[in-house]
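Since the structure comes first, as C-alpha cells, the remarks are kept for the end.
Read the figures in this text as sums done on the coordinates, not as results from a lab. Please read all numbers here as calculations on a predicted model, not as lab measurements. Neighbour counts are summed over all protein chains in view; Cβ atoms, including those assigned to glycine, are modelled from backbone coordinates with ideal geometry.
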Amino acid sequence: MVLEKPIPNADKTLIKVFSYACPFCYKYDKAVTGPVSDKVADLVTFTPFHLETKGEYGKQASEVFAVLIAKDKAAGISLFDAKSQFK
C-alpha cells in the first residue's frame, strides 16, 4: 500500500504494523513476513511497528521490542536472523 501522505523519512521502507496480542498478526508473521521481506530485501528496509494500544501490556511490549531491535541493529544482526533478539 502506498500512503496518500507519506511518512517522513520512510522512503523505501516496508513497515509492518503488529500487536503481540493479535493471533492474526502472529499467523501472518509466520506465513508471510519472512518470505515477502526476503524478496524485497534489496529494495526496501524492513521496519516493525508494534501497536502499544493493543493488549494488556502493549506499552511495555513496545518498549521491549524497541530495545531488542536496537540491540540487533547495534550488533549488525538482521531482524530475520536466527540470532536476532527481536525475532
Legend entry - Computed helical MRE - 222 nm, the chain, DSSP H runs ≥ 4 contributing -39500 (n - 2.57), nearest 500: -10500 deg cm²/dmol
Legend entry - Potential lengthening between Phe49 and Ala10 on full extension [0.36 nm per residue; Cα-Cα distance subtracted]: 12.8 nm
Inset, instruction - List Asp72, Asp42 from most exposed to least, where exposure is judged by having the fewest other Cβ atoms within 10 Å. - result: Asp42, Asp72
Inset, instruction - Find the relative contact order for the chain and round it to a whole percent, using C-alpha pairs within less than 8 Å whose residues are 6+ positions apart. - result: 26
Legend entry - Residue-span extension gain [Val67 to Tyr26] - 0.36 nm each, minus C-alpha spacing: 12.8 nm
Inset, instruction - Towards the positive end of the charge dipole of the chain, with charges on Cβ (+1 Lys, Arg; -1 Asp, Glu), say which of Phe86, Ile15, Ala74 has the farthest Cα. - result: Phe86
Legend entry - Of the GluC sites (Glu not before Pro) in the range 29-66, those whose Cβ has at most 12 other Cβ within 10 Å and which sit in DSSP loop: Glu56
Inset, instruction - Beyond 28 Å between alpha-carbons counts as too far, so tell me which of Lys5/Lys30; Lys39/Lys83; Lys5/Lys71; Lys39/Lys59 fall in that bin. - result: Lys5/Lys30; Lys5/Lys71; Lys39/Lys59
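Let me know the charge dipole size of the chain about its Cα centre in debye, to the nearest 20, where only the beta-carbon of Lys, Arg (+1) and Asp, Glu (-1) is charged. Intermediate values should be presented prior to the final figure.
Numbers: 12 positive and 10 negative charges, 24 e Å.
Charge dipole, the chain, about its Cα centre: 120 debye, nearest 20.
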